[in-house]
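Taking it in order: structure first as structure tokens, then the write-up.
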Amino acid sequence: MKNVAAFDAADYLDTDEVIAEYINAALEDENPAVFLQAIADVAKARGMSRLAKDAGLGRESLYKALAPGAKPRYDTVLRLLRALGVELHATPSHSA
């Protein structure tokens, strides 16, 4: 039986453009857990310690905020996105 490596999105998040597209794709999903998982994947790609420092959070707080089922505060999410160099923008919805 062959060993198959598990897929890890963090292995492919190597440019700012790819990261922004990944976050945008996650925002299209109605499930907020998908968005938080995307942030966690980017955090892993960039380095959790570095992100925690850049966002002004302790490492333990960062892990708690991005844990499955977590419901981080809006200001925490914004701090993480800014530390990752990602901006969120609103556009009009085209659904009737």
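The lysines within cross-link reach of Lys71, meaning a Cα-to-Cα straight distance under 29 Å and a gap of 8 or more places when in the same chain, are Lys44, Lys53. Label point of Ser93 set 7 angstrom out along Cα-Cβ; within segment 24-38, amide nitrogens under 20 Å from it belong to 24-36. Put simply, when 76-85, 15-24, 46-55 are sorted by average Cβ atoms within 10 angstrom per residue, most first, you get 76-85, 46-55, 15-24. Modelled this way, with points 7 Å down the Cα-to-C-beta line, the labels at Leu81 and Asn3 are 3.9 nm from one another.
Take Val18, project a point 7 Å from its Cα along the Cβ direction, then tell me which residues of segment 35-51 have their backbone nitrogen under 14 Å from it. Of the residues in segment 35-51, 41-47 have backbone N under 14 Å from the label point off Val18. Only Cα pairs under 8 Å and 6+ residues apart enter the sum, and on that basis the relative contact order of the chain stands at 24 percent.
Counting every pair of alpha carbons in the chain, the share spaced more than 23 Å apart comes to 26 percent. Helical content alone sets the calculated 222 nm signal of the chain at -17000 deg cm²/dmol, taking -39,500 (n - 2.57) per DSSP H segment of four or more residues and averaging over every residue.
Read-outs: derived from the displayed coordinates by stated rules, not from any lab. What you are looking at is a predicted structure, and each value in this text was computed from that prediction instead of being measured. In this analysis, Cβ positions are derived from the backbone assuming ideal geometry, glycine residues included, and neighbour counts consider all displayed protein chains.
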